[in-house]
Every structure is written in structure tokens, then in C-alpha cells.
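Colleague: My questions will all concern the structure given below.
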């Protein structure tokens, strides 16, 4: 997810960069699609959802400030390389944290769509497990259920 810039240090991940630049508060689905169409979708916000939105807004502001410092402040380049790398990593993790909050908010506000997504994801995981089992069966020539020394 990280790239290297000219000095070999990891740069901000693309996901973190795009997530940290989100400022329009448009609700989005886990895949990033905008959902709802504004005033017509007025809903009562549960207190825990409101707290998550406040936390997300504060995180967004802090993340944008950190990214601006990394990109624009000449002091950044005077810091030891390890500190620069840690700040870039921090910004990337803040982007991932933002994405987690975004999905939690979406799920809390759209429980029916969240359940539909969960059902599809569960089916995908079952298929993946079956494919892995079939691959193991082909590789080992017999059904493989755990460690070879285990008495299944």
C-alpha cells in the first residue's frame, strides 16, 4: 500500500490520502459510493452515530493538518528519517481509521444494506474456504483437515 519516494522512505498510501481529503460529509457505502440524496433523507441520528461522526470530523481535521505538514512544511525535511517515516505511517493509519469509522457509520445508519453486504461477504468467504479446501485436497491427494499430525 505504501510507495517509496526518492529518499527511500514510505510515502502516504493512496487510500489514506483520498480518505483524509474527504471533507464533504456525504455519507458513503463501504465501497465508497455516495448514498442518500441530501435533505430528503433526513433521519434521526443515534447518539453513538453522532459521536462517531464527531470523532471522524476531528480525525479528518488532524489528518489533513498532518498531511499538510508532511507535504508543505520545510521543517519536515529536517527531521530524522525515522521520524519522517513514522509521521507518514501515522497519516496512513489515520486514513485507515477514517475508513473504519466511515463503514461503522454507514452500517449504523443502513442496517438493511449492512446485513445484505454481510450475507454476500459470508457467502464469498464460504466459497473461498471451499476453494482452499479443494486446492489442499488436490495438493495432498486426500482430504486435508488441519495439521498433518492431527487425528481428524
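Colleague: Would you list 127, 87 from fewest to most Cβ contacts within 10 Å? Write out the running numbers ahead of the final one.
Modeller: Working: 127 10, 87 18.
Going from sparsest to densest Cβ surroundings: 127, 87.
Colleague: Could you order the peptides 111-120, 74-83 from most to least packed, using the average number of other C-beta atoms within 10 Å per residue? Could you put the intermediate results ahead of the total?
Modeller: On the way: 111-120: 11.7, 74-83: 9.8.
Listed from highest to lowest mean packing, they are 111-120, 74-83.
Colleague: Could you give the length gained by full extension between residue 128 and residue 58, i.e. 0.36 nm per residue of separation minus their alpha carbon distance, to one decimal place? Mind dumping the intermediate values first?
Modeller: Details: separation 70, 0.36 × 70 = 25.20 nm, distance 3.78 nm.
Full-extension gain reported as 21.4 nm.
Every number here is computed from the coordinates shown, using simple stated rules; none is lab data. As the structure is a prediction and not an experimental result, all values here were calculated from the model. No Cβ is skipped: glycine too gets one built from the backbone with ideal geometry, and neighbour counts run over all protein chains shown.
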